[in-house]
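Participant: Before I ask anything, let me first share the structure, which is written out below as structure tokens.
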Amino acid sequence: MPAPMVILLPGTDGTGVFFQGLVEALKAFCEIKVLSYPQHGDQSYEHLGRHLLSELPTDRDYILVGESFGGPLAIWLATHATVKPVKLILGATFAASPFSLPGRWIAPLVPLARFIPLREWQIKFMLFNGGHAQWAAQIFEHTRFIDRRVLLSRVQSVLRCDMRAALSALPIPVLCLNATQDRLLPPWLPRHFPQQSHIRIV
């Protein structure tokens, strides 16, 4: 029996370009499919999910992996897929907004941030504590041409999301990988992963 296909859902950039290293490491062991998000229009999780449902296989086993922004989207897809994944992996992400109620209050103000210019040094200090200049430059180069309104709309989706009930109801094994030195979403912020037998948190 062939190994399950691995389907990767990217973070806020929505391009999948930052999966290149992972794809290189895994391609000898399994077939990999990287999905990308539309770079215009509605960026709500439900809209993106309905856009991507047809990308999920119906004739073979697959593992669904959601990273960062892609985590709640992976939960939505696993819930609504005609053929559910055999496993769900959530990497450095959350089941509901880590910012809880304050995040919902802030969400309507997020579009105002489009007037704040994005610089490479901001990424370097925000994500890497001033180090890893090469990674910061790569992130800046791959995101600076994405419409800021699209990126900020995705931030709003994060602040408003709550997939806890859907995650609890999934009839498949779930692995949640939490980063211990995450600077964008510090470890003390809640990930809202329920304590249930089918959910393993590492």
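Participant: Examine segment 64-79 for a residue that is under 16 Å from Ala166 (Cα atoms), over 12 Å from the mean Cα position of the chain (by Cα) and either modelled with pLDDT under 95 or β-branched (Val, Ile, Thr) (or both), and state whether such a residue exists.
Facilitator: Yes: one or more hits.
Participant: Would you mind telling me which numbered condition in (1) surrounded by 15 or more Cβ atoms within 10 Å (Cβ to Cβ); (2) farther than 20 Å from Gly16 by Cα Ile116 fails?
Facilitator: Result: Ile116 passes all but (1).
Participant: Listed residues Thr15, Thr79, Thr93; which is open to solvent by 30 Å² or more (accessible area, probe 1.4 Å), in contact (Cβ under 8 Å) with a residue 40 or more places away in the chain and in a loop (DSSP other than H, G, I, E, B)?
Facilitator: Numbers: Thr79 fails: in a loop (DSSP other than H, G, I, E, B); Thr93 fails: open to solvent by 30 Å² or more (accessible area, probe 1.4 Å).
Being open to solvent by 30 Å² or more (accessible area, probe 1.4 Å), in contact (Cβ under 8 Å) with a residue 40 or more places away in the chain and in a loop (DSSP other than H, G, I, E, B) holds for just one of Thr15, Thr79, Thr93, which is Thr15.
Participant: Against the conditions (1) open to solvent by less than 60 Å² (accessible area, probe 1.4 Å); (2) more than 20 Å from the chain's Cα centre (by Cα); (3) within 26 Å of Gln195 (Cα to Cα), where does Pro102 fall short? Just the number, please.
Facilitator: Against the list (1) open to solvent by less than 60 Å² (accessible area, probe 1.4 Å); (2) more than 20 Å from the chain's Cα centre (by Cα); (3) within 26 Å of Gln195 (Cα to Cα), Pro102 comes up short only on (1).
Participant: As an exercise: evaluate Thr143 against (1) open to solvent by less than 50 Å² (accessible area, probe 1.4 Å); (2) under 30 Å from Ala3 (Cα atoms) and give the number of the one condition it does not meet.
Facilitator: Thr143 satisfies all of (1) open to solvent by less than 50 Å² (accessible area, probe 1.4 Å); (2) under 30 Å from Ala3 (Cα atoms) except (2).
Participant: Which of the residues belonging to segment 145-158 are farther than 30 Å from Ser197 by Cβ and either over 15 Å from the mean Cα position of the chain (by Cα) or not basic (Lys, Arg) (or both)?
Facilitator: First, pick out the residues of segment 145-158 that are farther than 30 Å from Ser197 by Cβ: 145-156.
Correct list: Phe145, Ile146, Asp147, Arg148, Arg149, Val150, Leu151, Leu152, Ser153, Val155, Gln156.
Participant: Tell me which residues, restricted to segment 20-55, are open to solvent by less than 20 Å² (accessible area, probe 1.4 Å) and either in contact with a Pro (Cβ under 8 Å, 6 or more places away or on another chain) or more than 22 Å from Cys161 (Cα to Cα) (or both).
Facilitator: Passing the criteria: Leu35, Tyr37, Tyr45, Leu48.
Participant: Return yes or no: is Val23 closer than 22 Å to Pro173 by Cβ and not in a loop (DSSP other than H, G, I, E, B)? So that I can check it myself, show each step before the final result.
Facilitator: Values: closer than 22 Å to Pro173 by Cβ: no; not in a loop (DSSP other than H, G, I, E, B): yes.
The answer is no for Val23.
The values are calculated or read from the model by the stated rules, or taken from the named source; none is laboratory data. Since we're looking at a predicted model, the values are computed, not measured. In this analysis, Cβ positions are derived from the backbone assuming ideal geometry, glycine residues included, and neighbour counts consider all displayed protein chains. Side chains are part of the model used for accessible areas, which takes the heavy atoms of the whole protein and leaves out ligands, DNA and RNA. Shrake-Rupley method; radii C 1.70, N 1.55, O 1.52, S 1.80 Å.
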